[in-house]
Each structure stands twice: as structure tokens, then as C-alpha cells.
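A.B. asks: Below are the C-alpha cells for one structure; questions will follow.
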There are 2 protein chains.
Amino acid sequence: MDISQVIKQRRSIRSYREIELEDSKLNRVLEAARLAPSANNRQEWKFIAVKDKLLREKLAEAASRQYFIAQAPVVIAACATESQSVMRCGQPRYTVDISIAVSFMLLQAAELGLGTCWIGAFDEARVKEILKVPDGIRVVAITPLGYPAEEPGPRPRKDFDQIVCFDVYK
Amino acid sequence: MDISQVIKQRRSIRSYREIELEDSKLNRVLEAARLAPSANNRQEWKFIAVKDKLLREKLAEAASRQYFIAQAPVVIAACATESQSVMRCGQPRYTVDISIAVSFMLLQAAELGLGTCWIGAFDEARVKEILKVPDGIRVVAITPLGYPAEEPGPRPRKDFDQIVCFDVYK
């Protein structure tokens, strides 16, 4: 499938089949993160693939009780191992780097027929406690990963002309 | 080309052929951003595609004098039209949303044989001045977009086991 097809078809999946995910597929998704670019190629990241059911349930609880998260056979927590640097443009480097890596995983997963859902609504302190994440490490995003149990309808998007302009801001 | 191939082959491109980019290709890249997910599907973004040569030269100047940026026939500036919201996990929503959209563009561009280079080293105030970006709008990232004039070598990555762990942080 080419990338534009994957991008067109990808949806955030909020219902998962409770069946195992093959390690080969999980590894391909994690590999997409490994190969993502990062500022100065620093790769200051760590990806926790949570398979343990009890831990997944605790994560769902900590993520505003979005219980569908625990339905998925794997939950990935994307962590930044360095979080002090700010880019010259003013953006935190770690937030950007981890977001790129997770974006790559979303698309790789979609191509493999797997669902994901970017979760930003979670209690970071509680997630760190559950996953024994050391002080100084930030958890930037989590996503369930597994086989979709739903085919969500189309998500409306703004028109091209509304979000694109040329040469100067309009 | 499948996504894992694109991800494997993609490199940050720092040298561009000074030839025009077809609008059909530019539009496909921008379309990848349009279809990207965002928190609550808010799509609080605007993408400025800069073709004007003088403006591109000014942008390169404002981006720590990385003059290769202006070689590319198009420079895309990715802007957030809302930048106050913070997700429950503590991350700024706009930084994440724009990073996802730009990530999707990087991969779509790579599939089309086009080069990009995520630029975070720029003077945001100066870029806003050049592109007439209103107060309250943030410029999160810029990237040149065009045909590569180089085939950069492989970029080393950490080993899989160094950046992946299971169930809890290790």
C-alpha cells in the first residue's frame, strides 16, 4: 500500500480485538520509531511495549479511564530520556522528537492492518509509577496497538484552501 | 513503495536541485498534513508553502544561515493557529499536532522521491515577520521540499534493544 493510501485510510481506533499481536508485527512498528529522525540524531528515546494485562489495565485507568486502551494486546509508552533542550525556534526538542517517532509508528501500524490511537489524556506521574519510569524521564505519548474491532467512519477535515496558503500567511 | 522501505530510505536532505517542483507533488505532500490526526480532530494548523525565491532566501537566513534551505524550490512553514492548550499528560497540544502533520509530510515526500529536512533552528520572530504571520500564531517547524542533490550516507541508529523494553522501563 502506498503512503497516501495509508494516510487516507488511517483512523484512530478505539476498539480492539482481544487477540495476540505477533512479535514480528510489533517489532516492525517499533522499528519505525527506531529509524525516525531526531534533532541532531540524538535518539533520546525509549519505547516501552506493555503486554502484561494488569499493567495495561492500570494504564487505561491512568489515561482518563479510556478502557479500550487495555483491550489492545500491546500498549506502547513513548518516553524521552532527555527533556531539557529547547530548539532555537522555542519548541521543546523532546516533544518534537518523540512525536515524530510515534507518528512513524502510527503509519507503519496502519500499513500492517493494525490500529493505534494517540493518547495525550493521561496522568503522567501515575503512568511513570505503573511502568517504573525513573525520575527525569518523560512519558510523552501512549498508544494501544492491536487489531481493530471497529471500522470507524470518515473523520471530517478542513478544506485544503483553509489550511494551506502560499508565500505569506493568509 | 511500502512504508517500511520509505522509512528505511528517508534521510534529511541538505542539498537540493534548483529545479521546480510540480504542483501535483506539492499538493500531495500538503494533503498528507491535512489528513494527519490532531487532538480532538481540531486541526488548528496552517501550512505556508513558500515558493518566492527572495522569501526563501530570507527564511534560510533566519534559520541560522542554513542556505541549503533556499536551494529547494519550496519551503514549508508549519504553523499552529492555537497554542494555549496543554494535554493532560503535560505536553503542549500544538507542538504535538504540528509535529504529527510534518512527520506525515516527510514520509509522503520521501515516497515521491522528494527531500525534506526538519528545521528547528530558526528565529521564530524573524520567520513570522518574513511570512507575515499574525500575533498568536506559532511557527513550529519549517522544511525545504524539493529534489535531492545528494544521496546522504546511512545515519547510525541505536540498537533496537537499547531503545525498546517490555512491560516496565529498563
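A.B. asks: Of the residues B:ASP135, B:ASP159, which single one is open to solvent by 40 Å² or more (accessible area, probe 1.4 Å) and farther than 30 Å from A:LYS132 by Cβ?
C.D. replies: Only one candidate qualifies: B:ASP135.
Conditions tested, residue by residue: (1) within 14 Å of B:TYR16 (Cα to Cα); (2) touching a Cys at 6+ places or on another chain (Cβ under 9 Å); (3) open to solvent by 10 Å² or more (accessible area, probe 1.4 Å); (4) aliphatic (A, V, I, L, M).
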residue	(1), (2), (3), (4)
B:PHE47	no, yes, no, no
B:LEU54	no, no, yes, yes
B:LYS58	no, no, yes, no
B:GLU61	no, no, yes, no
B:ARG65	no, no, yes, no
B:PHE68	yes, yes, yes, no
B:GLN71	yes, no, yes, no
B:THR81	no, no, yes, no
B:SER85	no, no, yes, no
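A.B. asks: So how many residues does region A:151-170 have that are touching a residue at least 24 places away in the same chain (Cβ under 8 Å) and at the interface with another protein chain (Cβ under 7 Å from one of its Cβ atoms)?
C.D. replies: Count: 1.
A.B. asks: Of everything in region A:115-138, what is farther than 19 Å from B:ALA36 by Cβ and in a loop (DSSP other than H, G, I, E, B)? Give them in sequence order.
C.D. replies: A:PHE122, A:ASP123, A:LEU131, A:LYS132, A:VAL133, A:PRO134, A:ASP135, A:GLY136, A:ILE137
A.B. asks: Restricting to region A:54-72, and then to whatever is hydrophobic (A, V, I, L, M, F, W, C) and assigned to a helix (DSSP H, G or I), can you tell me which residue is nearest to A:TRP118 (Cα to Cα)?
C.D. replies: A:ILE69
A.B. asks: Moving on. Hey, among the residues in region B:1-34 that are surrounded by 19 or more Cβ atoms within 10 Å (Cβ to Cβ) and outside any helix (DSSP H, G or I), which one's nearest to the other protein chains (Cβ to nearest Cβ)?
C.D. replies: Per the stated criteria, the residue is B:ARG10.
A.B. asks: Taking interchain pairs and intrachain pairs at least six residues apart, which have beta carbon atoms under 9 angstrom, with the first residue in region B:136-150 and within 11 Å of another protein chain (Cβ to nearest Cβ) and the second among the aromatic types (Phe, Trp, Tyr) and in a strand (DSSP E or B)?
C.D. replies: That search, which allows pairs on different chains as well, returns B:VAL140/B:TRP45.
The values are calculated or read from the model by the stated rules, or taken from the named source; none is laboratory data. Since we're looking at a predicted model, the values are computed, not measured. Because the Cβ atoms are built from the backbone with ideal geometry, glycine has one as well, and the counts that use them run over all protein chains shown. Side chains are part of the model used for accessible areas, which takes the heavy atoms of the whole protein and leaves out ligands, DNA and RNA. Shrake-Rupley method; radii C 1.70, N 1.55, O 1.52, S 1.80 Å.
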